[in-house]
Amino acid sequence: MALVVLSAGGCQWPRDADGTLDRVRDGTIRVGVAHDPPWVVVAGDRGDERPPGGAESVLVQRLADSLGARVQWVRGGEAELMTALSERGLDLVVAGLDAKSLWVRDVALTTDYLTTEEVVAVPAGTPTDIAGQRVLVREGSAEVALLSDHDATAVPVADLPERPDGAAVVPDWLVDAAGLTDTGTHLSSLDHVMAVPPGENAWQSTVERFLLALDDDEVRRLLLDAHRAGA
Amino acid sequence: MAAIHDRYELPPEKAALHRRAVRLEWWTIAFFVVAITALAVVLGQSQAMKAAWVEDILALAPPIAFLVANRYRNRPPDAEHPYGYHRSVAIAFLASALALLTLGGYILVESVLRLVQGERPPIGLIEVFGHTLWLGWPMIAVLLATMVPAILLGRAKAKLAEQLHDKVLHADAEMNRADWLTAGSAILGIICIGAGLWWADAVAAIIISADIVRDGLRTTRTAVADLMDRRPRTVTDDRQHPLLARLTALALDQPWVQDAWIRLREEGHVFVGEVLVVPEPGTDDLVERLERLGRLLREADWRMHDIAVAPVLDIRR
């Protein structure tokens, strides 16, 4: 009971095991970024000082602004960033992560802030029954195998055309922009998260409060912007 | 007249208590099934909650063992099982004791590992009906909710176990105690995590689990000793059972008995054993007297189920 009163009274609750929130506020947030467009777009090499692109990079910059903090971007592979994060060498990692990430053993994944789905979409006016149809799909993706469950023939391509003239597997936020209609066949879904050091619960709560306040459509717009910038 | 195929029933007042125990065990199973389902649904990803989940699954072992043994214990002896089925209770007791020991060992090893590896538990926010809330609070609420029935069930069973001389029930009461103790330590741990003390959770769990391991070792030792036909001991405080001395005194009180020696073993709820008596030389109607003595000993206590009386010339101790 005393604790409830304490937390309601404005004291920091929960608290960090290592004081991350107090350090980053009006200070510097060390953010690890791994290339995973359109979530994170890392151009240039390691020493590149330019901020990375992508929807999550924009979100991180907004979070930093709200805390009056500067962002120190650290480029790297997901594995090395996660190892650094688990040892508290970084304060945040964005890499298009989702809630099923196996890194959950070593780092803390935030609550998910957006669910995206890979859907089968067709040009407007074409029948939405995909059984027996040829469906364009990005080669090497999990959806190639999933398509066979729907009796459709997967046609793997290196790059999806901007405006496919037949059925194609696209993320839900791209359906309208690609001039397609959702067939209602959803192959997979991902709950998107960011990663913070484990045990820094005040910092984690701050990031989560920021993420939960986000507007889904706003994030989808950022994804679309990043997608177009890359195309 | 000796009845060979006699079937054992608890005395009426004990039978009523036993029916209550059976009901309690069904309630326990119902409670843990609900708790296991709720935990699985509410807190899928958290490692700390996974431990609580495993605990609840292990806590199902004693009530299930009790109820299975309950189906067998009263069966009359048959050609294949001339000693009857009373021992099923001893087997259930061993199973419950091992479950308790496993539970303690599991938590102990896991918490030591967590502490050594410096694992810092992350507890973030959760959104409930549009409000963001620290996930620690609902976790504490769930743990408190599981603590209350465990305390109540455990207390009721501990009392019944003593009255019924039922060790399975007693082990189950210990299991419930272990369960609410670990829930309590988890609550303390969550509060400490919220305060930024990441190590306190593991330390609290280590202290509690050490206590459960001690309890489990003691119970397992008793269960094994019972199967080894150790002389009977009391359920709750593990002291020499007074019945042996009482029966010996009863036999020696007979004017025609020169010397007597009794051995007893526990078969679940009941005791069985043999008595050797040295009759005074020239005792009349020896067979009738022996049979009366047997009946007298059997009727001395409700737990005294089966006793074979054998006359001998001399007892060498």
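Laboratory data are not the source of any read-out in this text; all were calculated from the coordinates shown. Everything numeric in this text was worked out from a predicted model, so none of it was measured. Glycine gets a Cβ as well: all are built from the backbone with ideal geometry, and neighbour counts include every protein chain shown.
Once every DSSP H run of n ≥ 4 in chain A is given -39500 (n - 2.57) and the sum is divided by its residues, what mean residue ellipticity at 222 nm do you get, rounded to the nearest 500 deg cm²/dmol?
About -8000 deg cm²/dmol.
I'm a student and want to see the number: the projected area of the Cα convex hull of the protein assembly as shown, averaged over all directions, in nm².
Its Cα hull, projected and averaged over all orientations, spans 35.7 nm².
Using modelled backbone amide H atoms (1.01 Å from N, in-plane), which distant-in-sequence or interchain residues come within less than 5 Å of residue A:187's amide H?
HN-HN under 5 Å from residue A:187: A:118, A:119, A:120.
Using a ≥ b ≥ c from the Cα gyration tensor of region B:115-182 (square roots of the eigenvalues), is it rounded, prolate or oblate, where a/c under 1.5 gives rounded and otherwise the larger of a/b and b/c decides, a/b for prolate?
Cα axes put region B:115-182 in the oblate bin.
Can you run phi through the Karplus equation (6.51, -1.76, 1.60; θ = phi - 60°) for region B:297-314 and list ³J(HN,Hα) in whole Hz, with x for Gly and Pro?
Karplus-based 3J(HN,Hα) across region B:297-314 equals 5, 5, 8, 5, 7, 5, 6, 6, 9, 9, 9, 9, 9, 10, x, 9, 7, 7 Hz.
In whole Hz, what ³J(HN,Hα) sequence does region B:63-76 give by Karplus (6.51, -1.76, 1.60; θ = phi - 60°), x for Gly and Pro?
Result, ordered by residue: x, 5, 4, 4, 6, 5, 4, 4, 6, 9, 4, 8, 5, x Hz.
Indicate the gyration tensor shape class of region A:102-231 (rounded, prolate or oblate), computed on the Cα atoms with a ≥ b ≥ c the square roots of the eigenvalues: a/c under 1.5 is rounded; otherwise a/b larger than b/c is prolate and the rest oblate.
Prolate, since a/c reaches 1.5 and a/b exceeds b/c.
Quick one: helix A:55-66 against the long Cα principal axis of chain A, what's the angle to the nearest 10°, folded into 0 to 90?
So the helix axis and the longest Cα principal axis differ by about 20 degrees.
Work through the residues other than residue A:160 whose Cβ is under 12 Å from its Cβ and net out their charges, Lys, Arg +1 and Asp, Glu -1.
It works out to a net charge of -4.
Using each residue's phi in region B:256-266, evaluate 6.51 cos²θ - 1.76 cosθ + 1.60 at θ = phi - 60° and report the 3J(HN,Hα) Karplus result to the nearest Hz, with x for Gly and Pro.
With the stated coefficients, region B:256-266 comes to 8, 9, 8, 8, 8, 9, 10, 10, 10, 9, 8 Hz.
Please give the net charge around residue B:204, taking every other residue with its beta carbon less than 12 angstrom from that of residue B:204, where Lys and Arg add +1 and Asp and Glu add -1.
-1
Mind pulling the angle between the C-alpha long axis of helix B:167-194 and the longest principal axis of chain B? Nearest 10 degrees, somewhere in 0 to 90.
Between the helix axis and the principal axis of chain B, the angle is about 20 degrees.
List the chymotrypsin sites (Phe, Trp or Tyr not before Pro) in region B:48-129 that DSSP assigns to loop (not H, G, I, E or B) and whose Cβ has at most 14 other Cβ atoms within 10 Å. Which are they?
Those satisfying the criteria are B:83, B:129.
Please report, in debye to the nearest 20, how large the charge dipole of chain B is about its Cα centre when each Lys and Arg carries +1 at its beta carbon and each Asp and Glu carries -1 there.
Roughly 440 debye, rounded to the nearest 20.
Among B:115, B:30, B:134, whose Cα sits farthest toward the positive end of the charge dipole of chain B (+1 at Cβ of Lys/Arg, -1 at Cβ of Asp/Glu, about the Cα centre)?
B:134
From the helices alone, meaning DSSP H stretches of at least four residues, give me the mean residue ellipticity at 222 nm for chain B, per-run term -39500 (n - 2.57), in deg cm²/dmol to the nearest 500.
-21500 deg cm²/dmol
Once the other residues with Cβ under 12 Å from the Cβ of residue B:276 are scored (Lys, Arg +1; Asp, Glu -1), what is the net sum?
Local net charge: 0.
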